[in-house]
Amino acid sequence: MAFVQLNGQNNLNLDASASPRFTVTDKVWPANVGEADVCLWNDDKLAAFTVTIDDNNEQDIPFWKSMITKYGFHFTWFVINQADSQYNVQDWSLFNDLANMGSQIDGHDDRNWYNNPTGGETNPTDADYLARLQATKTKINTEVTSGNNNNLTYAYPFGEGNETEARKVFIGIRGTNGILNQANSVNYLDVNSVSNPHIYGNDTDRDKYILPILDKVSKLYGVNYYRGWASTHFHGLDAAQETLADEFLQYLADKPDIWVAGFTEVTQYSQSFATHNLTVDSVSGTEIKFTLTDDMLNTAFYFPLSVKIRIDNSWSTVSAIQNGVAVDTQIITNNGNRYAIVKAVPDLGQVTVTGIVDADPAIINPTIGNQAMIEEATLQIDFSASTTGSDAITFTVSNLPSFGVFTDNGDNSGKIVFSPAIADAGDYQNIAIIADNGRSVSSQSFQLTVSPNSGGEPTTEYTINPTGDGIISDVANLAEGNTNPWLSGNDVDGTKVLKLGQSASTGAPYTTNAILPFQLPVRPAGKLVTSANLKINVAYLRHWVSSDIDLYGLPYSTSNTISPSNFYDGTFSDPESTVTGIQDAYFVRDVSGAEPTGTEILTDREVNSNSNGDTALAAYINAQYDAGAVAGDYIFLRLSIDATSGSTGSHYYGISDESTAEAPVLTLEIENVLGVDSYDLSEMKLSPNPVKDGQLTILSDDIELNNVNVAIYTLTGSLVHKEMIANNSDKRYNLSIHLKPGIYIVKLTNGKKIKTQKLIVQ
């Protein structure tokens, strides 16, 4: 057979590529009806695997035929037919039997090229080499006429060959390099393949070579091959090796995301995929048309690609025709949506996909609207589905939050129980209940709004975590790389840090700082920290310290890393511009009475910020939130010696750290979600109020009533009504409510503003 080597859109094979031909992704699921995508591998498998057998080994064919029958896999034989007679195929009928069973018979040789000729051996000329390959191909295609066999691929003997000439005859050539193939950069002129003794003997070896193509974590020699192509080559097998081969094939069969196929099939599919172009031509209620092309030679690349198309969920059956011939099509479901997998051959003409709408779909009851609840509450949604033909229906759900538990009761009914915890507040969209009657699927989607729990004590205490970054003292220690320098037991000790600009020889005063990182809690949108208090335990204050200790706040940070620039040596009245002075003289020496004779004047005393300090502390924390801080960020409270000009001597003090029972405690009080203080400030009006017949009108002068959430709560914080105002151009909105008599709170929010008002229901 004369060789054909064409370029452009008639390639016999692709050049080796130094860069990826395309981007490897997870499986693609088109979102809208009529959208389509070509699957990376046949039937949308994750990865591909080929089992090949070299050197004829006719004595093993009965075993391999039993494996074909057992597992349904396609194998590839690379046979010798142009060597000395003892090496050539002896009984071609055996290989015709294999071809009838779906396996492939392709070309091999005993030796026709040497990378490094030795012992007087010489390589054939290019012309002789090419002629021998052509003869190999012709002999196989002449002798193997059963099945659909066509010798399109070749295996280099001993992994050596003349690539330039071999690519003129074959679409792909298998080598013997024992690694895997990246899906987007296969070298089709020397495909990597692992000798079977390395891969088939036990699960450890199998996992080593198989898992890297199935997940994104496993690696072979430091490289991950997710969604790639693995190949192995066998030779002759004894009885024990046949048992291991059977176990290996069972291992592959237990991994349904692997496409086990013939070497030619994978070579055809992957090169067509790498050069394909897909166009959806038209979409209607029951018909989708598309055109698929590639850049490969049509007479050699006729293995169909799997095209995944999003179809209408109401389609119960689907069929497809290409060039007047029906093609294989199947329906699959993912995340409540239906897809057709259509097998289309590139360049063979437009494909028409036709669907038939289910005349008896599952109907889900009741109609489930948007739902709302508060944290730490429980909400149960019960549902059922039915058809007029009383079909058995199975349920699934999608986009279910982690605090939702779904149950299919097995009797055409189901339920979802939502139990959000603290910090689960938020909007959870497109939660779908999906009913499948075996022919089509139906679904209902809804949004769940979880509001912060407004009940309970609004004050939360936060203590330094003993394993965290803790209290940091001493700028010198920090500069030396220590982040938690505990000194003198459980106390932060002022370790004679020289005042900036001074030296030890001058007898200048020493100073010290303590910096306390606290992690911020959630502050609901539109709410404030209404009070705050810092409590510490002063372990000691040296009696000769003439200055007091001031409290400052530093700018918030996403981490609790502290640098030398965070420290300070100065007076409260003249701090750095980036910090906030919170309390002057947060704690002071006791100067009453006679001067003590001991080394401490203040020992084991609990100190809290005073009323002025509490107010300033709350204002500082609110300012950090307003500047962009969110829950999980850190604020830093710093205690610094007030280094006045009259200070003399060493400035020592110590406070108990977080490893003790007297650890620092920051106490915050944050407004509830239904902050009553905002009622009088609201510019929202309710009419009538009281309401008697369930018909309520909301009027607002300063918040446009469009894309606004309306929520009604009891005074104890239970959410009793929730809806979204949309497509409304007026500053008034009418809604129907069905509430028991009592007092409620109506809350409006548009993501930027929050308005609340009391409502009386009679």
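Here are a few things to note about the model shown:
- Scanning the range 633-654 for residues that are crowded, with 19+ Cβ neighbours inside 10 Å and modelled with pLDDT of 75 or more yields Tyr634, Ile635, Phe636, Leu637, Arg638, Leu639, Ser640, Ile641, Asp642.
- Scoring Asp424 on the criteria (1) of a type in the set (Asp, Glu); (2) touching a residue at least 24 places away in the same chain (Cβ under 8 Å); (3) surrounded by fewer than 16 Cβ atoms within 10 Å (Cβ to Cβ); (4) part of a loop (DSSP other than H, G, I, E, B) leaves a single failure, condition (3).
- Top-ranked residue of the range 507-551 - restricted to ones that are of a type in the set (Gly, Ala, Ser) and in a strand (DSSP E or B), ranked as modelled with the highest pLDDT: Ala532
- Boolean, Val720 is within 26 Å of Glu375 (Cβ to Cβ), in contact with a Ser or Thr (Cβ under 9 Å, 6 or more places away or on another chain) and modelled with pLDDT under 80: yes
- The single condition from (1) closer than 30 Å to Asn162 by Cα; (2) among the hydroxyl-bearing types (Ser, Thr, Tyr); (3) part of a helix (DSSP H, G or I); (4) in contact with an Asp or Glu (Cβ under 9 Å, 6 or more places away or on another chain) that Ser66 fails is (1).
- Pairs with Cβ under 7 Å, 6+ apart, first in the range 737-762 and of a type in the set (Gly, Ala, Ser), second modelled with pLDDT of 80 or more: Gly742/Val761
- Residue match in the range 265-274 (condition: at pLDDT 95 or above, surrounded by fewer than 14 Cβ atoms within 10 Å (Cβ to Cβ) and more than 30 Å from Val357 (Cβ to Cβ)): no
- Residue in the range 410-419 that is under 18 Å from Val720 (Cβ atoms) and at pLDDT 90 or above present: yes
- Identity of the residue in the range 44-63, in a strand (DSSP E or B) and β-branched (Val, Ile, Thr), that ends up surrounded by the fewest Cβ atoms within 10 Å (Cβ to Cβ): Thr52
- Of all residues in the range 61-76, those satisfying the criterion of being over 21 Å from Ala155 (Cα atoms) and under 42 Å from the mean Cα position of the chain (by Cα) are Met67, Ile68, Thr69, Lys70, Tyr71, Gly72.
- Residue pairs meeting the criteria (Cβ under 6 Å; at least 6 apart or on separate chains; first under 25 Å from Ala300 (Cβ atoms) and among the acidic types (Asp, Glu), in the range 14-39; second at pLDDT 95 or above and assigned to a strand (DSSP E or B)): Asp37/Lys308
- Flag for Gly438 being more than 30 Å from Ser640 (Cα to Cα), modelled with pLDDT under 90, out of contact with any Cys (no Cβ under 7 Å at 6 or more places or on another chain) and loosely packed, with under 15 Cβ neighbours inside 10 Å: no
- Of all the listed residues (Ser314, Ser270), the sole one being closer than 30 Å to Ala230 by Cα and polar (S, T, N, Q) is Ser270.
- Flag if Tyr71 is of a type in the set (Phe, Trp, Tyr) and closer than 19 Å to Ala245 by Cβ: yes
- One residue stands out among those in the range 202-214 that are exposed (fewer than 15 other Cβ atoms within 10 Å of the Cβ) and free of Cβ contacts under 8 Å to residues at least 24 places away in the same chain: the one that is farthest from Ala47 (Cα to Cα), which is Asn202.
- Cβ separations smaller than 7 Å between residues 6+ apart or across chains give the following pairs from the range 555-581 residues that are in contact (Cβ under 8 Å) with a residue 40 or more places away in the chain and within 21 Å of Gly632 (Cα to Cα) to residues that are hydrophobic (A, V, I, L, M, F, W, C) and surrounded by fewer than 16 Cβ atoms within 10 Å (Cβ to Cβ): Tyr556/Ala627.
The values are calculated or read from the model by the stated rules, or taken from the named source; none is laboratory data. What you see is a predicted model; the values in this text were computed from it and never measured. Note that each Cβ is placed from the backbone with ideal geometry, even for glycine, and that neighbours are counted across all protein chains shown.
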